[in-house]
Amino acid sequence: MVVADKYEMVCGLEVHAELQTKTKIFCGCTTEFGGEQNTHVCPVCLGMPGALPVLNREVVNYAIRAGLALDCEIAEFSKFDRKNYFYPDLSKNYQTSQFDLPICLKGGLEIEVDGERKWIGITRAHMEEDAGKLVHSGETISTSNESSVDYNRAGVPLLEIVSEPDMRSIPEALAYLEKLVQILEYTEVSDCRLEQGSVRFDVNVSLRPLGTKTLGTRTETKNLNSFSSVRRCMEYEVARQARTLNAGEKVVQETRTWDEGQGITLTLRSKEEAHDYRYFPEPDLPPLVIDRDWVERIRKTLPELPAARRTRLQALGLSAYDATVITQVKAMADFFDKALTYYGDAKTLANWVMGDVTRLLNTNQCSVLDSPISAKQLTELLELISKGTLSGKIAKSVLEEMYSTGKDAGTIVKGKGLAQISDEGALLGIIDDVISANPQSVEDYRAGKDKAIGFLVGQIMKATKGQANPGLVNQLLKEKLA
């Protein structure tokens, strides 16, 4: 990304993903979201003197699973460390994390922007505990007169995934985040509910003069929880740094916060270096030794990842675009795959899933997981169209009633008498009436004006309330007018 023909943007991203375990990383407290403040806590996650941590094995399983999906090396030997800093949401005044020997190293993923593919390196991914949450009296920390602390989130297991500074534009950064979150969702490592803070982004941005290789001074904006916030934050921070440099001033290396309401970043604190945290090995947890058999057992459980799923769907006849849309959200891809087991026409199924089904879900702000129309019910509707029992137009209204009532298509069609009329004898009488009532259109058609037949077909469909088989109507009408 070239800024004002003078600078190139360099971006690296840190992603904190809450792992989908039922209990916290070092104790048996629930990780369930919400709950009354400070009720999901115990002496361990509150950091009471004498309370000792015990590592949750499932956290390690999830970390390995994510690392393999992100093409990382899984370390045979890793350890936990104490990251020391003082902040109200950290009851122990240190965070148990991993420093020099993390569990995952040297991975990456491929992104595509404007038809160009690029590999984005992942430096490391490490396990750590989450901190508590400050509850501000105002909208943001900078506009609050007071804050309280909720420790329900303290000790929830996190996987922090740190990229290389390989991104050179905002679209590249967004493509990386979207693909990373998608992989975390597909592997079921995290529920990826951004609105609940299950995944949070730290954005590192710097500018450097065009043509140079030395990295500029970076700022880190913390705790963004939506792709739109990341985009707006980066746009603002790039412009701010460019103004600073153009004024002959230096960019200050610091940690900043994003003010969603104002659409600006604000200084939070000076940027810490590793030595500022005074890392040292966690004395209450032994080093973690992972043998290859453990890793391979988890590798065998990896699901079909998005890229492989897209390839498979394209092999069934879907376009690259259709396959990408359907696999964007795992729940929708699962819905589509389940429907495929009942109905083999992948393209027709895709059209309905991407069109009317998605429209109904969006209109009602409903997730496909909560959809009142099951995959099997959708395919039963499509079978009625394939058999000629139902026209495509009426099928759309049937689908809407299926959504609102939960009834299957057959019940609705039978109850309302919506079956498509395919009886030639019944249709011929209606066709004769329409021909008699519209002599000018008949004359126009016979004079070579082919569009006139469209009007006649429309009159027949109107007379049958849309239930006539349109293909059969066209055939019989042309035979009558020949």
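No value in this document is a laboratory result; all are computed from the given coordinates. None of the values given here were measured: they were computed from a predicted structure. Cβ: placed from backbone, ideal geometry, glycine included. Neighbour counts: every protein chain shown.
Centroid-to-centroid, using Cα positions, the stretch 157-216 and the stretch 254-317 are 9 Å apart. Taking Cα atoms only, the orientation of helix 227-246 departs from the longest principal axis of the chain by about 50 degrees.
In the stretch 366-419, Rg over Rh equals 0.96, where Rg is the alpha-carbon radius of gyration and Rh the Kirkwood radius from pairwise Cα distances.
Our Cα-only numbers for the stretch 424-481 put the radius of gyration and Dmax at 10.3, 29 Å. Could you work out how much longer the chain between Lys478 and Glu32 gets when fully extended? Use 0.36 nm per residue separation minus the Cα distance between them, nm to one decimal. Gain on extension, Lys478 to Glu32, equals 154.0 nm. Each principal axis of the Cα atoms in the stretch 321-366 has its own extent, and those three values, largest first, are 28, 19, 17 angstrom.
Multiply the residue gap between Cys366 and Glu383 by 0.36 nm, knock off their C-alpha separation, and tell me the result in nm, one decimal place. Length difference between fully extended and current span is 3.6 nm. Cβ crowding within 10 Å, taken as a proxy for footprinting-reagent exposure, orders Arg57, Arg309, Arg256 from fewest neighbours to most as Arg57, Arg309, Arg256. For the chain, DSSP calls about 95 percent of its internal beta bridges antiparallel. A 32 angstrom limit on the alpha carbon distance is what I want to check against. Which of Lys22/Lys330; Lys118/Lys393; Lys24/Lys250 exceed it? Where the Cα-Cα span goes over 32 Å, the pairs concerned are Lys118/Lys393; Lys24/Lys250.
Calculated FRET efficiency, Asp450 and Leu428, Cβ-Cβ r, R0 30 Å, to nearest 0.05? For R0 = 30 Å, the calculated efficiency reads 0.85.
Only helical runs count toward this figure. For the chain, summing -39,500 (n - 2.57) over DSSP H runs of n ≥ 4 and dividing by all residues gives -11500 deg cm²/dmol at 222 nm. Can you work out D for the chain in µm² s⁻¹ from Stokes-Einstein, where Rh is the Kirkwood radius over C-alpha pairs, the temperature is 4 °C and the viscosity is 1.567 mPa s? Approximately 49 µm²/s, per Stokes-Einstein.
In this label model, Arg269 and Asn438 are separated by 7.6 nm, measuring between points 7 Å along each Cα→Cβ vector.
The simple Förster model, with R0 at 56 Å and r as the Cβ-Cβ distance, assigns Ala320 and Leu215 a FRET efficiency of 0.95. Under 1.5 on a/c is rounded, so check that first for the stretch 332-413, then, if it is not, pick prolate when a/b is larger than b/c and oblate when it is not; a ≥ b ≥ c are the square roots of the alpha carbon gyration tensor eigenvalues. Verdict is oblate for the stretch 332-413. The angle separating the long axis of helix 375-386 from the principal Cα axis of greatest extent in the chain is about 30 degrees. Treating each Cα of the stretch 118-162 as an identical point scatterer and summing with the Debye formula, the log10 of I(q)/I(0) at q = 0.26 Å⁻¹ comes to -0.86. Taking the C-alpha atoms only, the angle from helix 452-463 to the longest principal axis of the chain is near 80 degrees.
The slack between Ala239 and Lys393, meaning 0.36 nm per residue of separation minus the straight C-alpha distance, is 50.4 nm.
Volume per residue for the stretch 1-105 equals 186 cubic angstrom (convex hull of Cα atoms). The count of lysine pairs in the stretch 424-481 whose Cα atoms are under 20 Å apart, excluding pairs fewer than 8 places apart on the same chain, comes to 7. Classify the stretch 271-327: rounded, prolate or oblate, from the alpha-carbon gyration tensor (a ≥ b ≥ c, eigenvalue square roots; a/c under 1.5 rounded; otherwise prolate if a/b is larger than b/c)? Judged from the Cα gyration tensor, the stretch 271-327 comes out oblate (a/c at least 1.5, b/c at or above a/b).
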